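Enquirer: The structure follows.
The values are calculated or read from the model by the stated rules, or taken from the named source; none is laboratory data. Since the model is a prediction, treat every value here as computed from it, not as a measurement. Here the Cβ positions follow ideal geometry from the backbone for every residue, glycine too, while neighbour counts run over all protein chains shown. For the accessible areas, the whole protein counts, side chains as well, though only heavy atoms, and no ligand, DNA or RNA atoms are used. Shrake-Rupley method; radii C 1.70, N 1.55, O 1.52, S 1.80 Å.
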Amino acid sequence: MLMASPDTNPSAAVKLDSVLDAMVEAMIVIDNQGNIKQVNKSAIGMFGFSRPELLGSNISMLMSGADKARHGDYLDRYEQTRRKRIIGVGREVVGARKDGSTFPIHIAVGEVQMGDTVQYVGLIRDLTEQRQAEEASLKQREEMVNVSRLSTMGEMAAAMAHELNQPLTAIANFAAASQRLLETNPDDNLAAVLEALTDIQDQAHRAGEVIRRTRAFTHGDTEKSTTTVATIFSQIASLARMDSKANNIRLDTDIPSDLPEVDVDPVQIQQVMLNLMRNAVDAMRNTPPEQREISICAKRTAPHEIRFEVRDHGAGIKPEDAESVFNAFFTTKSSGMGMGLAICRTIVRNHGGELRFRYNDSRNPGAGMTFFFTLPTKVKA
Ligand SMILES: Nc1ncnc2c1ncn2[C@@H]1O[C@H](COP(=O)(O)OP(=O)(O)O)[C@@H](O)[C@H]1O
Ligand SMILES: [Mg+2]
């Protein structure tokens, strides 16, 4: 048995050490108390402790926070119950270097019987780079969705108003100047007035361009691909979870991955999902904590139709407002733009579906809302 050799045969121990030192992965052998019996070069490099500092010390010195305290328990429990926890499976814990800095590590532990005693061999992987890559891609994704969410959520309307304001102000100024010129000295100022009229035309075209761009955004100009609702949602799931967590809301999702495929522009559908969620969050501002829950589900509702639902326990829609909520600029919020549902409905309709709502309890408008949209499933060619 390879691992048993160091204690019994010195020359084999030297050989084994050099083999272990050549390993890229960090390796640490501990006894059943967690005391370090052996380390390789990679482990020394990873944690910054010297070999003498490590040998005989407890493995907990290489861990941080909760994991530090817990590790001994794991060993104890394993000794008592022989139930596999990290043993043989692997766990992610927070590692601690000699200089006090911490970093994510994956540790896989195998058990080695050595005569009467048991030792554990831990293989340790530094997860720092992997984590950074994961975080970077998540962040990029979130920024992208965030940008599109903001633009949908009325920021677009605000931007459009802002952009339109400039040419309209310019038009008004040119017109007023022309008027003054014509009133005072028409003959001498004819050239200047003609010039102003040209400027007015240019500005009117600019305003038209702003509107055209906005229309292109809300109507079509889509980048469709064949995908599933589960995939689409998975890309905003962390955002949705963060949003609900920040607002102290439980998020319950039931989105089967085996629903039929759809042919959609994923980013636009994500905007719709996020808008509906945002509204649900807003609607629960005054909901008692124990009722704060958003349930999101997707299901097949007809042979060629799937439905995505967002159910909240918020204040609901006043019956007299029910007709208006999809109208552009209709809002009951002090800082709302009232563009969300209007744009969502346009997006869903452009995809051949429908966006609607129902009261959770038809006799009690205050029992919260369920907003849902349908999408036709991909027709097989
Ligand atoms: N889940 C919901 N619960 C209660 N009211 C809602 C919900 N979703 C939308 N509404 C109502 O519809 C209005 C319009 O929504 P929306 O078009 O997204 O604009 P905004 O969110 O900017 O107000 C909201 O102001 C609100 O009164
Ligand atoms: Mg909204």
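Enquirer: Inspect the range 309-330 for any residue being more than 15 Å from ligand 2 (Cβ to nearest atom), aromatic (F, W, Y) and either modelled with pLDDT of 90 or more or within 28 Å of A230 (Cα to Cα) (or both) and give the result as yes or no.
Expert: So far as the range 309-330 goes, no, none of its residues is more than 15 Å from ligand 2 (Cβ to nearest atom), aromatic (F, W, Y) and either modelled with pLDDT of 90 or more or within 28 Å of A230 (Cα to Cα) (or both).
Enquirer: What single numbered condition from (1) open to solvent by 40 Å² or more (accessible area, probe 1.4 Å); (2) within 28 Å of the chain's Cα centre (by Cα) fails to hold for P303?
Expert: The single condition P303 does not satisfy is (2).
Enquirer: Could we say that A240 is small (G, A, S) and either crowded, with 17+ Cβ neighbours inside 10 Å or not in a helix (DSSP H, G or I) (or both) here? Walk me through it before giving the result.
Expert: Numbers: small (G, A, S): yes; either crowded, with 17+ Cβ neighbours inside 10 Å or not in a helix (DSSP H, G or I) (or both): yes.
So A240 passes the test.
Enquirer: Among the listed residues V267, V210, identify the single one that is in contact (Cβ under 8 Å) with a residue 24 or more places away in the chain, in a helix (DSSP H, G or I) and within 30 Å of R311 (Cβ to Cβ). Working first, answer last.
Expert: Numbers: V210 fails: within 30 Å of R311 (Cβ to Cβ).
Checking each option against the conditions leaves just V267.
Enquirer: Restricting to the range 332-381, name every residue that is under 24 Å from V267 (Cβ atoms), among the polar types (S, T, N, Q) and open to solvent by 50 Å² or more (accessible area, probe 1.4 Å).
Expert: N350 - this is the single residue of the range 332-381 that is under 24 Å from V267 (Cβ atoms), among the polar types (S, T, N, Q) and open to solvent by 50 Å² or more (accessible area, probe 1.4 Å).
Enquirer: Go through the range 249-280 and give me each residue that's out of contact with any helix residue (DSSP H, G or I) (no Cβ under 8 Å at 6 or more places or on another chain) and within 15 Å of ligand 1 (Cβ to nearest atom).
Expert: A280
Enquirer: Out of D312, D321, which single residue is surrounded by fewer than 17 Cβ atoms within 10 Å (Cβ to Cβ) and either near ligand 1 (Cβ under 8 Å from one of its atoms) or outside the structural domain of A230 (by TED's automatic domain parsing) (or both)? Show your work before the answer.
Expert: On the way: D312 fails: surrounded by fewer than 17 Cβ atoms within 10 Å (Cβ to Cβ).
Selected residue: D321, the only one of D312, D321 that is surrounded by fewer than 17 Cβ atoms within 10 Å (Cβ to Cβ) and either near ligand 1 (Cβ under 8 Å from one of its atoms) or outside the structural domain of A230 (by TED's automatic domain parsing) (or both).
Enquirer: May I pose another question? Tally time: how many residues in the range 183-201 are open to solvent by 50 Å² or more (accessible area, probe 1.4 Å) and more than 24 Å from I211 (Cβ to Cβ)?
Expert: The qualifying residues number 10.
Enquirer: Turning to a different aspect of this structure: Can you say whether R180 is modelled with pLDDT of 80 or more and open to solvent by 80 Å² or more (accessible area, probe 1.4 Å), as far as the supplied structure shows? Give the steps one after another, and end with the answer.
Expert: Values: modelled with pLDDT of 80 or more: yes; open to solvent by 80 Å² or more (accessible area, probe 1.4 Å): yes.
Yes, satisfied.
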